[in-house]
């Protein structure tokens, strides 16, 4: 399913804020994923980015079967990889 223009704009705005605060926001992927999920929905996913040279723990959002991960999108051109899911957390179902 294709994301709406509003969702895409929201993701870009959130990621730009993280980049302004942290440069490339390595180490902030869980916080980034939770921020995106809070605004556009979906499920927060924990797992690994699988690179040719090894794995890196990582978090992203899955919405309607689509991986939403602006950090990974930025890395893909210079360092091809794939996502390996370990578990999900639909924060819309968490109280508090």
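The values are calculated or read from the model by the stated rules, or taken from the named source; none is laboratory data. Only a predicted model underlies this, so the values are computations on that prediction, with no experimental measurement involved. Positions of Cβ are generated from backbone atoms using ideal geometry, with glycine treated the same way; all protein chains shown enter the neighbour counts.
When the range 1-18 is filtered for residues that are farther than 9 Å from residue 40 by Cβ and not in a helix (DSSP H, G or I), the ones remaining, listed by number, are 1, 2.
In summary, residue 67 fulfils each of the numbered conditions (1) crowded, with 18+ Cβ neighbours inside 10 Å; (2) under 10 Å from the mean Cα position of the chain (by Cα); (3) part of a strand (DSSP E or B) with the single exception of condition (1). Among the residues of the range 19-29, which ones are touching a residue at least 12 places away in the same chain (Cβ under 8 Å), surrounded by 13 or more Cβ atoms within 10 Å (Cβ to Cβ) and in a loop (DSSP other than H, G, I, E, B)? Selection gives 25 alone. For residue 12, the criteria (1) modelled with pLDDT of 95 or more; (2) farther than 11 Å from residue 70 by Cα; (3) loosely packed, with under 13 Cβ neighbours inside 10 Å hold in every case but one, which is (2). Answer yes if at least one residue in the range 30-41 is assigned to a loop (DSSP other than H, G, I, E, B) and either in contact with a helix residue (DSSP H, G or I) (Cβ under 6 Å, 6 or more places away or on another chain) or exposed (fewer than 13 other Cβ atoms within 10 Å of the Cβ) (or both), and no otherwise. No; the residues of the range 30-41 include none that is assigned to a loop (DSSP other than H, G, I, E, B) and either in contact with a helix residue (DSSP H, G or I) (Cβ under 6 Å, 6 or more places away or on another chain) or exposed (fewer than 13 other Cβ atoms within 10 Å of the Cβ) (or both). Scanning the range 41-63 for residues that are farther than 17 Å from residue 26 by Cα and at pLDDT below 90 yields 52, 53.
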